[in-house]
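Encoded as structure tokens, the structure appears first; notes follow it.
Laboratory data are not the source of any read-out in this text; all were calculated from the coordinates shown. The structure displayed is predicted, hence computed values, not measured ones. Please note: Cβ atoms are built from the backbone with ideal geometry, for glycine as well, and neighbour counts cover all protein chains shown.
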Amino acid sequence: MNLRLIALMLTAALPAPLAAQQITPAPLAPQAATSPPDEGLTGSVSDDSAWRDLGIDIPAFATEQDKPTPASAGGTAALGNAIAEVITADLRNNGLFKPVGPSALPPVAYPQVPAPDFPAWAGRGAEMLVHGSVNADAAGQLAVDCRLYDVALKQQLVAAQWSFAPADWRRAAHKCADKIYARLSGESPFFDSRIAYIAETGPKDHRMKRLAIMDSDGANHRFITTGQAMALTPRYSPDYKSIVYLSYLNGYPRIFVYDTVRNSQRLVTESRNPTFAPRWSPDGKWILYSMAVGGNTNIYRVSAAGGEPQQLTQTPGINVGGSYSPDGTKIVFESDRSGSQQVYVMNADGSGQRRISFFGGRAATPEWSPRGDLIAFTHIAGDLRIAVMSPEGGGLRYLTNSWQDEAPTWAPNGRIVQFFRTEANSGKTSLWQVDLTGRNERRLPTPVDGSDPAWGPVLP
Amino acid sequence: MSHPIRFTALALAMALVAGCASKAPKELPPEPGPAVSTTTPQPTLQGPVPGSQADFQATMMGKDTIYFDTDKYNIDEADAAALRTQAGWLARYPAKRATVEGHADERGTRDYNLALGQRRANAAKDYLVSLGIDAARLSTISYGKERPVALGSNEEAWAKNRRAVTVTID
């Protein structure tokens, strides 16, 4: 027993040093994706196999004059290399492209950024070419230029400039990757966004669960809560200024709104009953939550500014969760009123409730795609798998095939689904992303175990 | 003459009881810190303080916990027997309050399991109330699937984790 206790203390001591190392995590090498068999494409899947072979060369961003910058110990020249590395990792990790990063490419002279040496790059076999520059002005502000060229056509496809504070240099790289991704895929961008999730440490029977946030690629990781009270199921507000989440602060499960600017928090609603499963409306004006009264759980909504909650479901049993359609007029949620967990849709005022999932097994944690065309959910039939269906309940399609995958959350562009995976026996959890074909699955780097990911929108 | 030896044996037995008690996960406070207090008072030579949580546990001999089938929350015959035993103790100590903790196994989604644990805790509470225990003495809390006692990923472990545990408040 003493040994177990020591092991427990050791485990509990682990997160701090790990967290310290997490300031700029190296992007993970592409995972050998053990993809499930292809379940067939639908019209909403835009992944063309042709794109998968598209080579993109991303040499280091040039700098006119190598100047010191707080963004990099090596000055703006080293920062130019780091920016190209971040872009390379972004584009590699979504399975559409074959990017080649700066470590394998010759440097670009500053004057060549707007006028590439096309024959030389064609000779290397590049199809797409990224050039860019980064310069620090007198005040230290970073000016970043990002360009995409079609080598064969000798044509410029993207030209964009941003100004960022040194601390936000990775955002410049994500913005550039977003431009390239959007131009080549025809999809909306998503790299310049953030993720809230639950960081987990410790043994299965005494797991510490803390609220944490990070960039979409795992960088700029930060723990928000200490772990003294168990935290679960966070959701970023659309403006990133707040996070709603469940906390067992003072021993009882209730929903708090955490203010990411002031680092303070408040209760969503004063109630002696347990409240959980919080969600935002797309405009950030409403918070959905579930409340158990006696043995029954129902869904409520309350103005994010506070006020009197309104009960949306009134059936005996468990009605829980909820996710708004992108236009805010409908809510998809789960209910066991039919005898087992199934997915239902209702109008935003609670009227017109109807079941939409009619396949075998149980269907849980529905999340409406930001594009409106699909609902991601957890399908439970022995194992738990991530699946999508249409808002009418048709076209069930599995995206993952593992022992326990749950709690899907959409990338801001509705093209990638993030979820968490639990290992049998150990109970260890990890964050994963999968694209809509189900073929490109990868693990998101986190300093400790992770669950309940929630993806916020693209930053302005 | 034999007193010192008897004394040592008794102290050892007490230490063992205390040790085992603190090992049981349901005995752990919900969170480190100022959460619900379910600490065990120091046992005396006479055994657990009558009316304490330690006494409740020692008297229940496992009947402080009832078990449920997958996705179910009904009180079966074995549950009813255990709850009658609990009610007997609670009737003996009318000043004591108790919390019923509801739990689910790991094979479900997090939000739903929180609701399911609440439903199970509530079912146990309702039954205790039907046996004459004042509802004001009983509170409920759900930990969903977050606090397993059996750590395997198999039917046997899941059956042990689908439970409602009554913890008296010292």
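For A:TRP280, the amide hydrogen comes within under 5 Å of the amide hydrogens of A:LEU288, counting only partners 5 or more places away or on other chains and with H modelled in the peptide plane. Along each principal axis, taking the top coordinate minus the bottom one, the Cα set of segment A:191-455 gives 45, 42, 36 Å in descending order.
Shielding of peptide A:226-234 by partners, expressed as the average count of other chain Cβ atoms within 10 Å per residue Cβ, is 3. Screening chain A for whole DSSP H helices of 18 Å or more along their axis (Cα) with average Kyte-Doolittle hydropathy at least -1.0 returns A:75-92, A:169-185. Here is how the number arises for chain A: DSSP H runs of 4 or more residues each give -39500 (n - 2.57), the sum is divided by the residue count, and the result at 222 nm is -4000 deg cm²/dmol. Computed about the Cα centre, the dipole magnitude for segment A:47-185 is approximately 80 debye when only Lys and Arg (+1) and Asp and Glu (-1) carry charge, each at its Cβ. Here segment A:47-185 yields Rg over Rh of 0.96, to two decimals, using C-alpha coordinates and the Kirkwood radius. Restricting segment B:124-170 to GluC sites (Glu not before Pro) that sit in a DSSP loop and have at most 13 other Cβ atoms within 10 Å of their own Cβ leaves nothing. With R₀ set to 60 Å, the beta-carbon distance separating A:LYS67 from A:PHE359 gives a calculated FRET efficiency near 0.50. Distances between placed amide hydrogens fall under 5 Å for A:ASP449 paired with A:GLU200, all partners being 5 or more residues away or on another chain. Placing unit charges on the Cβ atoms of the charged side chains and taking the dipole of segment B:42-170 about its Cα centre, the candidate lying farthest along the positive direction among B:LEU128, B:ALA115, B:TYR73 is B:LEU128. In plain terms, if you count all Cα to Cα distances in segment A:112-248 and split them into 10 Å steps from zero, the share in each step is 11, 28, 26, 18, 12, 5, 0 percent. The charge dipole of segment A:373-460, taken about its Cα centre with unit charges on the Cβ atoms of Lys, Arg (+1), Asp and Glu (-1) only, comes to about 220 debye. Under 5 Å between amide hydrogens, built in the peptide plane, is the criterion, and for A:ALA60 it picks out A:VAL108 among residues at least 5 positions away or on other chains.
Taking all Cα-Cα distances within segment A:241-338, those exceeding 22 Å account for 26%. Segment B:ALA58..B:ALA157, full-extension length gain: 33.3 nm, with 0.36 nm per residue of separation and the alpha-carbon distance subtracted. Contact order for chain A, expressed relative to its length and based on alpha carbon pairs under 8 Å spaced 6+ residues apart, stands at 13 percent.
Magnitude of the charge dipole for segment A:128-180, about its Cα centre and with charges confined to Cβ atoms of Lys, Arg (+1) and Asp, Glu (-1), is about 120 debye. Place a point 7 Å from Cα of A:ASN425 in the direction of its Cβ. Which residues in segment B:132-168 have their backbone N less than 11 Å from it? It comes to B:152-154, nothing else. Ranking A:TRP162, A:ALA172, A:SER237 by how far each Cα lies toward the positive end of the dipole of chain A (charges on Cβ) leaves A:SER237 at the top. For a modelled paramagnetic label at A:LYS241, 7 Å from Cα along Cα-to-Cβ, the residues of segment A:255-298 in reach, with backbone nitrogen under 17 Å, are A:257-268, A:280-287.
Restricting the chymotrypsin sites (Phe, Trp or Tyr not before Pro) of segment A:370-460 to loop positions (DSSP other than H, G, I, E, B) with no more than 14 neighbouring Cβ atoms within 10 Å leaves nothing. Dipole of chain A (Lys/Arg Cβ +1, Asp/Glu Cβ -1, origin at the Cα centre): which of A:TYR252, A:SER264, A:ALA115 lies farthest to the positive side? Farthest along the dipole direction, towards plus: A:TYR252. Can you pull the semi-axes for segment B:102-152, root of five times each eigenvalue of the Cα gyration tensor, sorted largest first, whole Å? After diagonalising the Cα gyration tensor, the semi-axes are 24, 10, 8 Å.
Taking the alpha carbon gyration tensor of chain A, multiplying each eigenvalue by 5 and rooting it gives semi-axes of 40, 26, 21 Å, largest first.
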